[in-house]
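Read the structure below first, then the notes.
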Amino acid sequence: MGAGVAPVPAVRSKGEKPHVSSCPQTTRSPATELVLRRLSERFPVPDKPRLAPLDELVLTILSQSTTDENRDRAWRTLAARYPAEEAGEGAGGASPPGPISWEAVLRATPAELEDAVRVAGLANQKAPAIHAALERLRAEVGRITLDHLEEMGDEEAIAYLTTFRGVGVKTAACVLCFSLRRPVLPVDTHVLRIARRLAWVPPRASADLTYATLLRTVPPSERFRMHMLLITFGRSLCLARAPRCGECPLEPECPAIGV
Ligand code: SF4
């Protein structure tokens, strides 16, 4: 590791189930502070529209293992085939092109729903996951909404969302971070790759372990900004294949230079 950067105090205990509290004791980390400062100097923090919690959940399920373009194409197909027609139906907040009638989506046959989201890939997993969430909400809440997340604490909301089919900690954290603006830090493929390269976590650390580590080292007020900057950084410089290390503002300290 280059001079001047203290390692992140990672959570390393083997076999330990990662904690998912969004407000654990945060240990000041010069390493993450330096990265935040350097990336802030290089990139603007992208804006992200806030969606209703259920919209964000479905959008995040659609985004799993695919590009933003194909996620958005699947969303537009849902919006075209199952448009919300009545006032108040569909999204409770800002929405991508739509809004979508979740009641109509719930009435779709499994084959119809799978066809609608096919462009996002893994349609045989994503369509049942979406249908199961809508069906469960209708049965348990009486309405197809996730607005009751507002009443839950961060840890409770993560635990609740991860009981839904196909929803892991990353997807749950996206809903909290983007829809509710809670102080969590979703670990997607870019965040995980960068955290490993910067040795914030061990080289084979899981996403859940990385999530727990970052909650301990990034203050709550900086988590949204850190997430957004790492995504921009991962898409533009710290690429999965052939990272552009020669242009990287973190190059002097990066232990993975030349990967
Ligand atoms: S030096 Fe290369 S591997 Fe390291 S953070 Fe920068 S782009 Fe990524």
* Please enumerate the residues belonging to region 103-151 that are among the hydrophobic types (A, V, I, L, M, F, W, C) and touching a Gly at 6+ places or on another chain (Cβ under 7 Å). => A129
* Asked: Could you list, in sequence order, the residues of region 185-229 that are touching a residue at least 24 places away in the same chain (Cβ under 8 Å) and in contact with a Phe, Trp or Tyr (Cβ under 8 Å, 6 or more places away or on another chain)?
  -> L185, P186, V187, H190, I194, T213, L214, T217, L229
* Report those helices (runs of 4 or more DSSP H) wholly inside region 102-220 carrying at least 3 residues which are outside the structural domain of Y82 (by TED's automatic domain parsing) and closer than 30 Å to L239 by Cβ. => 189-197, 207-217
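Condition test on V184, is it more than 10 Å from the ligand (Cβ to nearest atom), in contact with an Asp or Glu (Cβ under 7 Å, 6 or more places away or on another chain), closer than 19 Å to S29 by Cβ and at pLDDT 95 or above?
When the stated conditions are applied, V184 passes them.
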* Structure fact -> Reported set for region 219-237 where residues are within 16 Å of the chain's Cα centre (by Cα) and of a type in the set (A, V, I, L, M, F, W, C) is F224, M226, M228, L229, L230, I231, F233
* Asked: Taking region 238-250 as the region of interest, how many residues are more than 26 Å from the chain's Cα centre (by Cα) and within 6 Å of the ligand (Cβ to nearest atom)?
  -> 0
* Asked: Given the residues L214, L229, which is the only one that is at pLDDT 95 or above, under 29 Å from A172 (Cβ atoms) and either within 15 Å of the ligand (Cβ to nearest atom) or in contact with a strand residue (DSSP E or B) (Cβ under 9 Å, 6 or more places away or on another chain) (or both)?
  -> L229
* Kindly list the number of the only condition in (1) without any contact (Cβ under 8 Å) to a residue 12 or more places away in the chain; (2) over 22 Å from P44 (Cβ atoms); (3) within 11 Å of the ligand (Cβ to nearest atom) that fails for A256. => (1)
* Asked: Can you find even one residue in region 87-97 that is out of contact with any Ser or Thr (no Cβ under 8 Å at 6 or more places or on another chain), modelled with pLDDT of 95 or more and either in a helix (DSSP H, G or I) or under 16 Å from L62 (Cβ atoms) (or both)?
  -> no
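The values are calculated or read from the model by the stated rules, or taken from the named source; none is laboratory data. Note that the coordinates shown come from a computational prediction; the quantities given were computed from them, not determined experimentally. Every residue, glycine among them, receives a Cβ derived from its backbone with ideal geometry; neighbour counts consider all protein chains shown.
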